[in-house]
Amino acid sequence: MPSNSSDGRVRLGPYQRAAVGVLLLPLALIAAQSVSPSGTSQSQTQSQTSAAPNQPGQPLPNQPPDQAQPPVQPIATPPKPLIMIDPAHGGSDSGAILNPTILEKDVTLALARRLRLDLGARGFVAELVRDSDQNLSSDDRAAKANAFHPALYVCLHATSESGGVGVYTAMLAENGETNGPFVDWNTAQFSFLPASRSAQQDIAAIIQKSGMPARSLATRLRPLANLTNPAVAVELAPRKADVSQLLAMDFQENISAALANGIAQFLSESKANPGASQ
Ligand SMILES: [Zn+2]
């Protein structure tokens, strides 16, 4: 990365030369109509003066002689990792009716929006598969997430049973089938399972560190099997039988922070060892 001073010279050299030329041009035009007593046209004098900075061997004051000026290269910033958050259910699919006033689809959307903020605060980009009370099929969700090529897909569910937070990966046979360059839709997740399990372990470990019980499990619940990137599903559970805490501010803040920290841990490991994410 060039220093400020060398960068300044690179940028100011041509500018200074151009500025001198612009300032002197009107003077040269005026002087062209008069001749000095010595017989030398003032326009010639001015022209020589204005041309002087561009003469070979006449560098500008700040410019070392004969120094080739390298082109200024823009500094490439690597793209921020993208996390796709999928609040399960929505629209006419309410998910579980956790109590008469709390629907699973509302708990998952509230947590998804909070998690998007928490991930943004950690320097990541997060997109929501749905950001409204919208009906989406499993295939719609997988297709939308796959199109973004996220570093991680996280599906959110919620239950009224107090058995700890469940962190899931896809349950697939160990010999996932592929058909040449094409991936079977039903086992698309297969080659990403090792990375998905790494994410699962990181997320479950940090949820436990934050004081909430967490379990790592496998599930046939779609659309995990259809994802072509590391993918997990997280099912919230109340600490006790009090379902109302699932929408409570402090509960959502705690679980969102734990999820964001677990995701950050996984992404830092993926960055250090890119081959592990495939
Ligand atoms: Zn659900």
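The values are calculated or read from the model by the stated rules, or taken from the named source; none is laboratory data. It should be emphasised that the depicted structure is a prediction, and the values quoted were computed from it without experimental measurement. Quick reminder, even Gly has a Cβ in these numbers, built from the backbone with ideal geometry, and neighbours come from all protein chains shown.
See the values below:
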quantity: Flag for residue 246 being assigned to a helix (DSSP H, G or I) and either without any contact (Cβ under 8 Å) to a residue 12 or more places away in the chain or within 21 Å of the chain's Cα centre (by Cα) (or both); calculated: no
quantity: Count - residues of the stretch 195-237 that are in a helix (DSSP H, G or I) and out of contact with any strand residue (DSSP E or B) (no Cβ under 7 Å at 6 or more places or on another chain); calculated: 7
quantity: Residue list for the stretch 77-136, filter: hydroxyl-bearing (Ser, Thr, Tyr) and either out of contact with any His (no Cβ under 9 Å at 6 or more places or on another chain) or away from the ligand (no atom under 16 Å from the Cβ) (or both); calculated: 77, 92, 94, 101, 132
quantity: Failed item, numbered, when residue 186 is tested on (1) modelled with pLDDT under 95; (2) in a loop (DSSP other than H, G, I, E, B); calculated: (2)
quantity: Residue list for the stretch 137-164, restricted to those being within 16 Å of the ligand (Cβ to nearest atom), of a type in the set (A, V, I, L, M, F, W, C) and either farther than 27 Å from residue 98 by Cα or touching a Pro at 6+ places or on another chain (Cβ under 7 Å) (or both); calculated: 142, 156
quantity: Residue within the stretch 220-242 that is within 16 Å of the ligand (Cβ to nearest atom) and among the acidic types (Asp, Glu) present; calculated: yes
quantity: Verdict on residue 197 being more than 16 Å from the ligand (Cβ to nearest atom), free of Cβ contacts under 8 Å to residues at least 60 places away in the same chain and either basic (Lys, Arg) or not assigned by TED's automatic domain parsing to the domain that holds residue 116 (or both); calculated: yes
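Yes or no, residue by residue, for (1) among the aromatic types (Phe, Trp, Tyr); (2) at pLDDT below 95; (3) out of contact with any Ser or Thr (no Cβ under 8 Å at 6 or more places or on another chain):
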{"site": "155", "(1), (2), (3)": "no, no, yes"}
{"site": "158", "(1), (2), (3)": "no, no, no"}
{"site": "163", "(1), (2), (3)": "no, yes, yes"}
{"site": "167", "(1), (2), (3)": "no, no, no"}
{"site": "177", "(1), (2), (3)": "no, yes, no"}
{"site": "190", "(1), (2), (3)": "yes, yes, no"}
{"site": "203", "(1), (2), (3)": "no, no, yes"}
{"site": "222", "(1), (2), (3)": "no, yes, no"}
{"site": "239", "(1), (2), (3)": "no, yes, no"}
